[in-house]
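Readers should treat all values here as calculations from the given coordinates under stated rules, not as data from a laboratory. These numbers were taken from a predicted model, which means no experiment stands behind them. Cβ coordinates were reconstructed from backbone atoms using ideal geometry, including for glycine residues, and neighbour counts include every protein chain displayed.
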Amino acid sequence: MKSALKFSVLASGSSGNVCYLETNRARILIDAGLSCREIERRLAVVGVLPGRLDGIILTHEHVDHIRGAGVLARRYHLPVYANAGTLQNSRKRLGKVPEARLIETGGSVTLNDLVIDTFTKCHDAADPMGIVLSSDGIRVGLATDLGRSTRLAEERLKGCQALILEFNHDPDMLLEGPYPLYLKRRIKGPDGHLSNREAGELLRAVSHADLRVVVLAHLSEINNRPEKARETAGQVLSGCGLGKTRIWVAGQDAPSPMMDL
C-alpha cells in the first residue's frame, strides 16, 4: 500500500529554506527560499515534477523563505497560501501571483487529503507560523525560525511521527564567532533562533513512542556544527527511550532523501 505521507527538506539554512511534502492526493512546498531554477533542480533530484505541485505555503516573509515563490507560482500556476501579514510584507518580493489563498494563523486548511494546521510562533516577522501537516493519521510538524518555544508550540507539535525542528546555533560558537554584536543579540533573543540546547528541550517536551524521524533544520554554517546538533538530539532521544528514532541533519546545499512515513 502506498505511504500516506512523505517529505524531503530540499534546503535548510540562512541562505534558503524549502520543504517538499506529498500525500496520496496532494503535493506542496513549504516555503520557497531558493531561486525557481534551483528549486526545480532539487525537486528533480528527489524525483518530483514541479508541474504536479498543488501549491506553496509560506511560513513568513523573510527572503530565505520566499525568494523563488513568486516566479515558481507564476511559472506553474500555483496558489500561494499565507496569512495576511506575510502576504502584505512579501508583496514586493513575490510580485503578482496567480492566486493568493489566505490562512488565518491558528487555523486550518484542507487540500485534498492533506490537512494543514497552523500556529503562531516567536520570530521577528510580521506573523510567523509553525505548521503541522497531516494525512490519514500521519502528522509532520515543522517549526524553524523560533526565538523560543512556547506551550502552544509544544502542544501543537505533540503526536507527530516526524518533526522538522530548528537547531540553529551553539551558544559558545555564536558568542565567540565573527558576527557583530547586534546580530548575535538578535539570534539569541526571544524572537531569533533556537540554540541546540533550547531545541533539545523542545524535542524532549514533544517526544513520544511513535516518533519516527527528527530532522535537525536551519543550522548556522558559522555558529554550529552538524555533529554538535546531532549529539544533542541523540542524547535527548536516548533519554526518552527513543534510541531507534531516525535523526537527519538538513543542509543548505543538497536535499535530504525522501522520508517515507
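Structure notes:
- Among beta bridges that DSSP assigns inside region 30-165, antiparallel share in %, nearest 5: 60
- Backbone N under 15 Å from the ASP191 label point (7 Å along Cα→Cβ), restricted to region 61-99: 61-62, 85-86, 89
- For region 47-133, the set of GluC sites (Glu not before Pro) satisfying both a DSSP loop assignment and a count of at most 16 other C-beta atoms within 10 Å is given as GLU104.
- Order of MET173, MET129, MET259 under a 10 Å beta carbon neighbour criterion, fewest first: MET173, MET259, MET129
- Top positive-direction residue, dipole computed over the chain with Cβ charges, set SER207, ALA233, PRO257: PRO257
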